[in-house]
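The values are calculated or read from the model by the stated rules, or taken from the named source; none is laboratory data. Just so it is clear, the model here is predicted, and its values are computed rather than measured. Cβ sites come from the backbone with ideal geometry, for glycine too, and all protein chains shown count toward neighbours.
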């Protein structure tokens, strides 16, 4: 029995230690692809054109010729003032023109006769010069009278107050019988053009500097003329896309932000002035952007973003990652990962940095499973 025990112990000592199998993990191979960087900014709608209607003549309002809240066209009459005084001034100016023209005709004929008589020395040169000057003065008086007539007609025209622009007009601040004065401070009404409209947005100057630095470094290309999507207060997407008109060149010292203006079509007048909206603005395109799945980016005990990568030799490496933007369910990687890296997205608990791992591309197992099922079904049928 003792000999048998020694023999068994000797046999057991010769057995090789068992090796742990290499863990299998699911990876995603990163690829470089053009990525458009967008930013959702809050803003308010602003009318495309705004004009306050003010009188240019003093008088009593006879009639209001528009419907409050309706559409008006440029040049359309809005108010009619009592024009009796202005008509009298116009008629007086017409009479002054007729009188000046009659005087000018008489002076011209006298000048023509004097010019013939001075040749025969029947009129002195001095008298002829006075006659010619009188004719010129009479012609000047005609021009002055005509100018006064034109001014009187302009003043008469101002008794019909017209719309300065086309658009939707608001409520009237006066009614018939009210006295208005020329160039008064209070507006009679306001006309706003609402198709198209502007959306005024604000963006932080720090983000602007970051975008400029990325463009300068060549990591970001500017996209000109890219449509801007507008989101309404209820979260729905507005039917028509806008266009970025301009970016302000001044930063507000109180908020540290600058303004952007977007021009948006508004044929249905759904966007009213002062509405709160959000706009998705394209800030540029990264031509070789690298996107990593969010489940592949974790945090170390210090709070730094890290990712586990399987090298071509099957070794697990931990990479510190810098990513500030998300696109859907992926991180846009700024540093730490590059195209071709195989990031572990499943099985992180099985591996440690420096260990070995068997990498299986995500989706390969799902594709292989139906093929295996088909093979099994074929065998059963046979």
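Couple of notes before you dig in:
- The residue of segment 269-310 that is farthest from the chain's Cα centre (by Cα), among those that are outside any strand (DSSP E or B) and free of Cβ contacts under 8 Å to residues at least 24 places away in the same chain, is 301.
The rows are residues; the columns are (1) surrounded by fewer than 18 Cβ atoms within 10 Å (Cβ to Cβ); (2) touching a strand residue (DSSP E or B) at 6+ places or on another chain (Cβ under 8 Å).
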site	(1), (2)
297	no, yes
302	yes, no
313	yes, no
325	yes, yes
329	yes, yes
336	no, yes
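- Residue check, residue 61 farther than 30 Å from residue 237 by Cα, modelled with pLDDT of 85 or more and in a strand (DSSP E or B): yes
- Filter result (crowded, with 18+ Cβ neighbours inside 10 Å and assigned to a strand (DSSP E or B)) within segment 238-257: 242, 244, 257
- Count - residues of segment 171-180 that are within 39 Å of the chain's Cα centre (by Cα) and surrounded by fewer than 15 Cβ atoms within 10 Å (Cβ to Cβ): 3
- Counting only residues that are surrounded by 12 or more Cβ atoms within 10 Å (Cβ to Cβ), more than 29 Å from residue 93 (Cβ to Cβ) and touching a helix residue (DSSP H, G or I) at 6+ places or on another chain (Cβ under 7 Å), segment 103-126 holds 4 of them.
- Test: residue 352 is at pLDDT 85 or above, over 15 Å from residue 293 (Cα atoms) and assigned to a strand (DSSP E or B): no
- Residue in segment 190-202 that is within 30 Å of residue 94 (Cα to Cα) and at pLDDT 90 or above present: no
- Candidates 110, 151, 178, 98, filtered to the one that is without any contact (Cβ under 8 Å) to a residue 24 or more places away in the chain and either under 30 Å from residue 72 (Cα atoms) or not assigned by TED's automatic domain parsing to the domain that holds residue 197 (or both): 98
- Looking only at residues of segment 204-231 that are modelled with pLDDT of 80 or more and in contact with a strand residue (DSSP E or B) (Cβ under 6 Å, 6 or more places away or on another chain), we find that the one that is surrounded by the most Cβ atoms within 10 Å (Cβ to Cβ) is 230.
- Some residue of segment 287-295 being closer than 30 Å to residue 195 by Cβ and loosely packed, with under 15 Cβ neighbours inside 10 Å: no
- Residue, surrounded by the most Cβ atoms within 10 Å (Cβ to Cβ), within segment 258-285, restricted to residues that are at positive phi and modelled with pLDDT of 85 or more: 269
- All conditions but one from (1) within 30 Å of residue 194 (Cα to Cα); (2) at pLDDT 90 or above apply to residue 244; the one that does not is (2).
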